[in-house]
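Working notes for the structure below.
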Amino acid sequence: MKVEIKKLSEEEIQKMGIKSWPIWTKEKSEFDWYYDSKEMCYFLEGEVTVKTENEEYEIKKGDFVIFPKGLKCRWIVKEPVKKHYNFE
């Protein structure tokens with residue numbers, strides 16, 4: 001299972017309505033997480049390492065991320081996170 005990380009243009013952000021999505025924040029911490037549905041999110045602040053069984057992902061401000069349904073991972077929040085999110 002792959003985590004997708006990409007940069008979006010301001011036009012794409014507007015088109016997807018990302019700025020109207022709820023906001024989630026998290027302080028520096030480490031925790032295990034399981035995605036029981038697909039999550040799309042856009043990082044406004046912070047820096048995170050997400051470790052899966054086979055890979056490690058570095059996520060930071062300005063990244064648009066898609067976490068697939070069924071993913072098990074460990075979040076290592078290096079800098080406090082603020083992100084818009086949407087579950088499908």
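Some notes on this structure:
- D_trans [Stokes-Einstein, Kirkwood Rh over alpha-carbon pairs] for the chain, 25 °C, 0.890 mPa s, µm² s⁻¹: 188 µm²/s
- Packing-based order for 24-33, 78-87, 52-61, using average beta carbon neighbours within 10 Å, highest first: 78-87, 52-61, 24-33
- Under the convention that each Lys and Arg Cβ holds +1 and each Asp and Glu Cβ holds -1, the size of the dipole of the range 4-87 around its Cα centre is about 180 debye.
- About the centre of its Cα atoms, the range 27-76 shows a dipole size close to 120 debye [charges on the beta carbon of Lys, Arg (+1) and Asp, Glu (-1) only; nearest 20 debye].
- Helix-only mean residue ellipticity at 222 nm for the chain, each DSSP H run of n ≥ 4 adding -39500 (n - 2.57), per residue, nearest 500: -2000 deg cm²/dmol
- With a cut-off of 13 Å between beta carbons, the residues surrounding Asp36 carry a summed charge of +1, where Lys and Arg count +1 and Asp and Glu -1.
- When the pairs Lys6/Lys78; Lys15/Lys72; Lys15/Lys51 are compared against a 27 Å limit on Cα-Cα distance, Lys15/Lys72; Lys15/Lys51 fall above it.
None of the figures in this text is laboratory data; all of them are computed from the coordinates on show. Keep in mind that this is a model prediction, so the values were computed, not measured. Using ideal geometry, Cβ is built from the backbone for each residue, glycine included, and neighbour counts are taken over all protein chains shown.
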